[in-house]
Structures are given as structure tokens and as C-alpha cells.
Amino acid sequence: MPKSMSTFSTTDAQTPEGLLHVGRVTRPHGVKGDVYVSFFTDRPERTRQGAKLFIQNEWMTVTSARGQLVSSKASPSQSTTWLMHFAGVDDRNMAERLSKSDVFGEPIEDSSVMWVHELIGAEVEDVSGVKHGRCVAVVDNPAHALLELESGALVPIVFVVGRTAQVRSRVRRSIEQVGGFQFVVRTIRGC
């Protein structure tokens, strides 16, 4: 199997089992324990008061959060970071200990969204039913993410049109999904 070109994977050894890598504490702010957090997700549930996030091997509760504009030239998905306060982090020394820490959260159920942890390991087939192999990684790319298949082929994420049962029920009669996820992509040439 070719060496993976992935820059992100939910199989990373440092990711606690069952959790998703959702952000990173960047630095402390002020003397009362506030920190800046950059999220890789736009899910508002992660920044609400009472949200639970896993940082440095312990669950922390968000007590306050507000978005901060980072740069007027940043893309919309990268234009804000969050100024946050966690219960029990009450001074700058405690906040400094959180600096550069990865932030993890539990997966959020949403059937309208395909998550990276669902894509990795999923079988990929085109709308004609031709199987192209399993997704082994999701490669970060400036234009859009790419699915890396076992063969080394890269498939732009924008080609994914849905899960097998969702797409087939629209195209032809629904089929029973057996074991794991399958994702359907528009016809892929050259895979």
C-alpha cells in the first residue's frame, strides 16, 4: 500500500478513543484564566456555556466564550478564534498550562453531515455501483479536502454525493447497508 499523504486522520494515536480533534488552545489572555481557542469545526455546540471539552486528559466545562476576529483577510471558516473561560481555570498560570493543548470533543449526531471519522475506513463507490476501495485518510487541501483511497488515488470531497442508502433510494430502490459506511461519489475517471 502506498504511504499516506494525509495531514489529518482520526486514527492519530494521540486522539483519545471515541473523541474528535476539534481545536487547539493557542494562548492565555489576561490574568483571570481566559484562553484563546482555535476550532477546526464550526459547530456552535462546542462554544456554548456548559459545553464539555477534553483538554490535557480531563473534561473541562465552558463557562463563557465569544468569537474574536483574527484577520479581515482570513477566509470565513478561519476568520474567528474564541476567547474562552473554563470552570476551574481561574488565573493566568492555569491558563498558560493549557497553551498549545489539543482540544477534543464527542461526535455530534447529525445525519445531514458526513464526518471525517465516518469517511475513514468507508467503502467508496460511484453512482454506477463501481467500487473504488476504502478511504484510508482525508488529506487537507487548500481548495477542499481529498479522500485518499487504499490505491493511493485521491478523490475530491466535493464528489461525495451521499451515503449509499440515501443516494440509491433516490436513483433506484433502496438497498440494505451491511457493515460500516459506504459513500457514493460521482463517476470517477482514472481510479
Residue in segment 110-130 that is in a loop (DSSP other than H, G, I, E, B), of a type in the set (A, V, I, L, M), out of contact with any Phe, Trp or Tyr (no Cβ under 9 Å at 6 or more places or on another chain) and closer than 16 Å to Leu20 by Cα present: yes
Scope segment 94-105; condition buried (at least 16 other Cβ atoms within 10 Å of the Cβ) and assigned to a loop (DSSP other than H, G, I, E, B); matching residues: Ser101
Cβ-Cβ under 7 Å pairs, at least 6 apart or on other chains, segment 17-43 side at negative phi, far side among the basic types (Lys, Arg) and buried (at least 19 other Cβ atoms within 10 Å of the Cβ): Val22/Arg46; Phe39/Arg46
Top-ranked residue in segment 107-149 [being charged (D, E, K, R) and crowded, with 16+ Cβ neighbours inside 10 Å; ranked as nearest to Tyr36 (Cα to Cα)]: Glu118
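Every read-out reported here was derived from the displayed coordinates using simple, explicitly stated rules and does not represent laboratory data. As the structure is a prediction and not an experimental result, all values here were calculated from the model. Using ideal geometry, Cβ is built from the backbone for each residue, glycine included, and neighbour counts are taken over all protein chains shown.
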